[in-house]
1. Tally the DSSP beta bridges in the range 71-227 and give the antiparallel ones as a percent, rounded to 5.
2. Apply the a/c threshold of 1.5 to the C-alpha gyration tensor of the range 116-168 and tell me whether it is rounded, prolate or oblate.
3. At what distance in nm do the modelled label points of Lys182 and Glu93 sit from each other, each positioned 7 Å from its Cα along Cα→Cβ?
4. Just order 119-129, 26-36 by mean Cβ neighbour count inside 10 Å, highest at the front, would you?
5. Describe numerically, in nm with one decimal, the distance between label points set 7 Å from Cα along Cα→Cβ at Asn196 and at Thr53.
6. Taking Rh as the Kirkwood radius computed over C-alpha pairs, what is the Stokes-Einstein D of the range 1-61 at 20 °C in a medium of viscosity 1.002 mPa s, expressed in µm² per second?
7. Suppose the chain between Val74 and Asn15 were pulled fully straight at 0.36 nm per residue; how much longer would it get relative to their current alpha carbon spacing?
8. Beta carbons within 10 angstrom, averaged per residue: use that to sort the peptides 101-107, 151-157, 48-54, highest first.
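Bear in mind these aren't lab numbers, they're just calculated from the coordinates by the rules spelled out. Just so it is clear, the structure is predicted and the values come from calculations on it, not from any experiment. All Cβ positions, even for glycine, are placed from backbone atoms using ideal geometry, and neighbour counts span all protein chains on display.
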Amino acid sequence: MIRFQDVSKEFSPNNFGLKQVSFAVDSGEFVFITGPSGSGKTTLMRLIIREYTPTSGQISLFDEELSNMPQKKVTELRRKVGVVFQDYKLLPELNVWENIALPLEIAGQPQAEIESRVTDLLKLIGLVEKPYLFPSQLSGGESQRVGIARALALGPDLIFADEPTGNLDSDNTTAIVELLKKINQLGTTILFATHNLDLTKSDKTRILNLDSGTLVHDSKAKVRSVKPKEEKKPEKENSKPKQESWLGRLFTKPVVDTVKNEKAESKSGSEKPKQEKEKKNSKKKVAATEETVK
Ligand SMILES: Nc1ncnc2c1ncn2[C@@H]1O[C@H](COP(=O)(O)OP(=O)(O)OP(=O)(O)O)[C@@H](O)[C@H]1O
Ligand SMILES: [Mg+2]
């Protein structure tokens with residue numbers, strides 16, 4: 001699914017984000033990316049979504065080489081990658097429902113589909129009781145659960161969570177790790193960047209450890225093949241069949257992929273269910289959200 005081959009990113013002479021990094025991640029994996037502040041975790045994420053281009057080396061995503069890819073195709077690929085941020089990046093003027101629904105609106109999904117997906121996602125994150133609260137009314141853990149739901153809204157193949165628990169206490173941290181593991185069991189590949197080594201001690205999850213831009217350890221280092229387009233992962237023993245039925249539906253539904261700003265703008269005024277608050281869905285807001293959900 002992802003392959004880095006001798007990738008370096010040098011921002012300015014001798015200021016490296018990454019140095020000669022090589023690894024591959026298969027579809028369906030859950031991988032911790034660890035390393036101290038400044039070790040290159042966020043740089044890695046930005047290279048994956050081609051927000052940065054490498055100074056040298058090759059990166060492939062979903063079996064496609066990123067370097068010569070036309071921008072239109074990059075935009076298409078980015079829609080298959082959900083990003084979760086340490087500081088949530090929720091839009092303060094939108095409530096929980098609207099924050100989760102917005103990527104779907106931008107993608108031009110029909111209202112019935114949006115309602116169905118947002119309802120599923122609210123169940124997944126355990127916030128069915130709070131769809132009309134605004135970000136300022138949420139706890140950190142709740143905010144991050146909304147951030148995860150938004151990242152999942154388009155049914156991405158990959159989630160890159162960049163220090164998603166950096167602002168949370170230990171209970172909320174555990175809940176977020178559990179939620180991302182559950183999402184992984186349902187078939188989404190997860191890269192989880194953290195400098196909290198306690199998170200990575202408890203199980204046998206693969207760890208890529210960065211230090212000063214160098215990949216110093218890969219707990220499953222071996223020659224890893226990059227598989228062709230993946231079938232869904234077989235379900236794991238400990239997953240619960242009842243939950244899988246509705247979540248499985250969420251992940252297998254086709255997602256509208258012909259996304260254009262014009263469409264988003266024309267959709268942005270569409271009615272929200274049971275909402276009294278008038279949404280000021282300006283072009284600026286849609287543009288900001290497009291940035292956020294990339
Ligand atoms: N846009 C940029 N311009 C110049 N240098 C950058 C840029 N982005 C990152 N760097 C440098 O690259 C190195 C890696 O930064 P990066 O943000 O990837 O680290 P990180 O592991 O995510 O750190 P943290 O845990 O603090 O988020 C740092 O030395 C940083 O200063
Ligand atoms: Mg970072």
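1. Antiparallel: roughly 30 percent of the beta bridges in the range 71-227.
2. Working: a/c = 2.33, a/b = 1.03, b/c = 2.27.
Oblate.
3. Placing both labels 7 Å beyond Cα along the Cβ direction yields 3.3 nm.
4. Working: 119-129: 17.7, 26-36: 20.7.
In decreasing order of mean packing, 119-129, 26-36 become 26-36, 119-129.
5. Distance between label points: 3.7 nm.
6. D, rounded to a whole number, is 181 µm²/s.
7. Values: separation 59, 0.36 × 59 = 21.24 nm, distance 2.63 nm.
Result for the pair: 18.6 nm of gain on full extension.
8. Numbers: 101-107: 25.1, 151-157: 22.7, 48-54: 18.0.
Ranking the peptides 101-107, 151-157, 48-54 by packing returns 101-107, 151-157, 48-54.
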